[in-house]
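J.: My questions all concern the structure below.
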Amino acid sequence: MKSITIAESLVNGDRLNQSIASLASIGQLPNGGVKRIAYSKEDLEARKLIQRWMMELEMEITIDTAGNIIGKYAGNNPIASAIATGSHIDTVPCGGHYDGAYGVFAGLEVVRVLKENQIQLDRPIEVIVFTDEEGSMIGSKAISGRVVGDPEYYRRPDGTDIQTCLATIGGNWNKIDLARRNPQDISAFVELHVEQGPVLESMSKQIGVVEGIVGQRRFNITVKGSANHAGTTPMSMRCDALVAASQVVLAVNQIGNTPGQQVATVGKMEVLPNAANVVPGWVEMSLDIRDLSSLHIDSLLKQLRIHLEEIAVATNTQIRLNPCLHNEPALAEPYIQKAIASCCEELDLSYTYLPSRASHDAQEMAEICDMGMIFVPSTLGVSHDATEYTSPEQCTQGANILLQTLIRLGKI
Ligand SMILES: [Zn+2]
């Protein structure tokens, strides 16, 4: 590999930001947001555009059986495992311009810079566009080999089956196992993404070095009291499920506010019979708790259970915690975090370490290879909304860090 000068190792910010803007025009909503749901006609159009750009870069393009688009830029060593990057181009029903798309275009921009400077790394670079990140994450789950076997699990909200969906984008449900990658294929995966939260902006940092993607547990909490007449039942003789539930909400909030980086939320609640003149007899609510350490989540839950028992006794109710989701944390490799941090130092960009509290395809990639993530600030911490914004300068800075990091990881 010829040695790379600083000028050669910077991305073309205008070109990168133009490409983000041109993708945002596919599925553009009147309010400035973007609707590009996986498998929709907008998604298909966007996928075509990406493939055209990959072709212009003379990348070797594969559509795997999960519909992931994989563009490969050759390396000097034909037997070396690849360095992979990428993200997704599908959006939520009213998404912004940057979530996902940014990571894909930054990956393509990295390849453009290398190609126009006639540079090949030792390792090939793969830019992966993962299928349906916002819905099922079936693309990255197929690569990690963790697809659920029952196709019904993947039926779309509009009733369409997964077989049809995958066929539309060049995939094949019956052969989805073939999308699984061997750990020997890819040595590391680095995803560049907007933070989708307020931390970087509030700390005035330009780059986030992601420590990992938090583990997430979700529970359904039920509180059983007894419904009775709101007029005739004296206060001292009530088993008010909502009074107990209110204390549960406070207990969850208190657990979330103990020292640490965890978050804990009750986001959903149902009250029965939900009538103005009846003492509530039954409450069901959600609990969502996330942290980078599974052990820490365990210990918080242990504390919470003790609280719940006390509340149940004090309110004369029965409180149960029923698990419904358990995702283990996916930690970023320390050597990749270090590489990202030292690239920030070299390019004189301020940075901080932080966890990702949102899910990303990177968490699935961590199952088969070393993983790292780079964040850039999200204005006001907003994402999954038309007002999602990261400035062109910030996008360029993040892409430069991606380029530098991949150059480092691409050396053998
Ligand atoms: Zn995303």
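Derivation of every value follows stated rules applied to the coordinates shown; laboratory data play no part. Fair warning: this is a prediction, and the values are worked out from it, not measured in the lab. Note that we place each Cβ from the backbone using ideal geometry, even for glycine, and neighbour counts take in every protein chain shown.
J.: Each label point is 7 Å from the Cα along the Cα-to-Cβ direction; what then is the distance between the points at Thr352 and Glu310, in nm?
T.: Calculated label separation equals 3.2 nm.
J.: Also, quick follow-up: Taking Lys302 as the anchor, which lysines have their alpha carbon closer than 25 Å to its alpha carbon, excluding any fewer than eight residues away along the same chain?
T.: Qualifying lysines at Cα under 25 Å: Lys224, Lys268.
J.: Then there's this: Please work out the FRET efficiency for the pair His384 and Arg52, using the Cβ-Cβ distance as r and a Förster radius of 30 Å; give the result to the nearest 0.05.
T.: On the way: r = 28 Å, r/R0 = 0.92.
Calculated value: 0.65.
J.: Going by alpha carbons, how many degrees (0 to 90, nearest 10) lie between the helix axis of 294-315 and the longest principal axis of the chain?
T.: Approximately 20 degrees, to the nearest ten.
J.: Between Asn277 and Lys411, take the C-beta separation as r, use R0 = 60 Å, and let me know the FRET efficiency to the nearest 0.05. Please report the intermediate quantities before stating the final value.
T.: Values: r = 73 Å, r/R0 = 1.22.
According to the calculation, E is roughly 0.25.
J.: Now a separate question. Report the paramagnetic label zone for Thr258: residues of region 285-319 whose backbone N is under 16 Å from a point 7 Å from Cα along the Cα-to-Cβ axis.
T.: Under 16 Å, as judged by backbone N against the label point of Thr258, lie 288-311 of region 285-319.
J.: Go ahead and estimate [θ] at 222 nm for the chain from helices alone: -39,500 (n - 2.57) per DSSP H run with n ≥ 4, summed, over the residue count, rounded to 500.
T.: Values: 11 runs with 137 residues, N = 412.
Per the formula, -10500 deg cm²/dmol.
J.: Consider just the alpha-carbon atoms of the chain and return their Rg together with their Dmax, both in angstrom.
T.: 23.9, 86
J.: If you average the sequence gap of Cα pairs under 8 Å that are 6 or more apart and divide by the length of the chain, what percent do you get for the contact order?
T.: Values: 933 pairs, mean separation 97.3, N = 412.
Once normalised by length, the contact order is 24 percent.
J.: Of the listed peptides 87-94, 167-174, 271-278, what is their order by residue-averaged count of other C-beta atoms within 10 Å, with the highest listed first? Before the final figure, lay out the partial values.
T.: Values: 87-94: 23.1, 167-174: 17.9, 271-278: 11.8.
So the order, starting with the most tightly packed, is 87-94, 167-174, 271-278.
J.: Starting from the Cα-Cα distance between Ser294 and Lys268, subtract it from 0.36 nm times their residue separation and give me the gain in nm to one decimal.
T.: Working: separation 26, 0.36 × 26 = 9.36 nm, distance 2.35 nm.
My answer for the length gained is 7.0 nm.
J.: Which of Ser246, Leu272, Asn257 sits closest to the plus end of the dipole of region 215-326, meaning its Cα is farthest towards the positive end, when Lys and Arg get +1 and Asp and Glu get -1 on the C-beta?
T.: Of the options given, the answer is Leu272.
J.: Additional query: What translational D, rounded to a whole number of µm²/s, comes out for region 305-412 from Stokes-Einstein when the hydrodynamic radius is the Kirkwood one over Cα pairs, at 10 °C and 1.306 mPa s?
T.: Details: Rh = 17.3 Å.
Here the translational diffusion coefficient equals 92 µm²/s.
J.: Here's a follow-up. Mind giving me the nanometre distance, one decimal, between the label points for Gln184 and Leu44, set 7 Å out from Cα along Cα→Cβ?
T.: Distance between label points: 3.9 nm.
J.: On to the next question. Please give the contour-minus-distance gain from Glu328 to Arg155: 0.36 nm per residue of separation, less the Cα-Cα distance, rounded to one decimal in nm. Each step should come with its number before you reach the end.
T.: Working: separation 173, 0.36 × 173 = 62.28 nm, distance 2.45 nm.
Going from the current span to full extension adds 59.8 nm.
J.: Report, in listed order, any pair from Lys115/Lys411; Lys141/Lys411; Lys48/Lys115; Lys338/Lys411; Lys72/Lys175; Lys141/Lys175 with a Cα-Cα distance greater than 19 Å. Numbers along the way, then the final one.
T.: Numbers: Lys115/Lys411 16 Å; Lys141/Lys411 28 Å; Lys48/Lys115 21 Å; Lys338/Lys411 15 Å; Lys72/Lys175 22 Å; Lys141/Lys175 14 Å.
The answer is Lys141/Lys411; Lys48/Lys115; Lys72/Lys175.
J.: Within region 33-48, what residues put their amide N at less than 12 Å from the label point 7 Å along the Cα-to-Cβ vector of Ile61?
T.: 45-48
J.: Counting Lys and Arg as +1 and Asp and Glu as -1, each charge on the Cβ, what is the dipole of region 215-326 about the Cα centre in debye, to the nearest 20?
T.: 120
J.: If you wrap a convex hull around the Cα atoms of region 215-326, how much volume per residue is inside, in Å³? Could the numbers behind the result be given before it?
T.: Values: hull volume 9.6 nm³, N = 112.
Expressed per residue, the convex hull around the Cα atoms of region 215-326 is 85 Å³.
J.: Hey, another quick one. Given contacts defined as C-alpha pairs under 8 Å and at least six residues apart, what's the relative contact order of region 215-326, whole-number percent?
T.: 45
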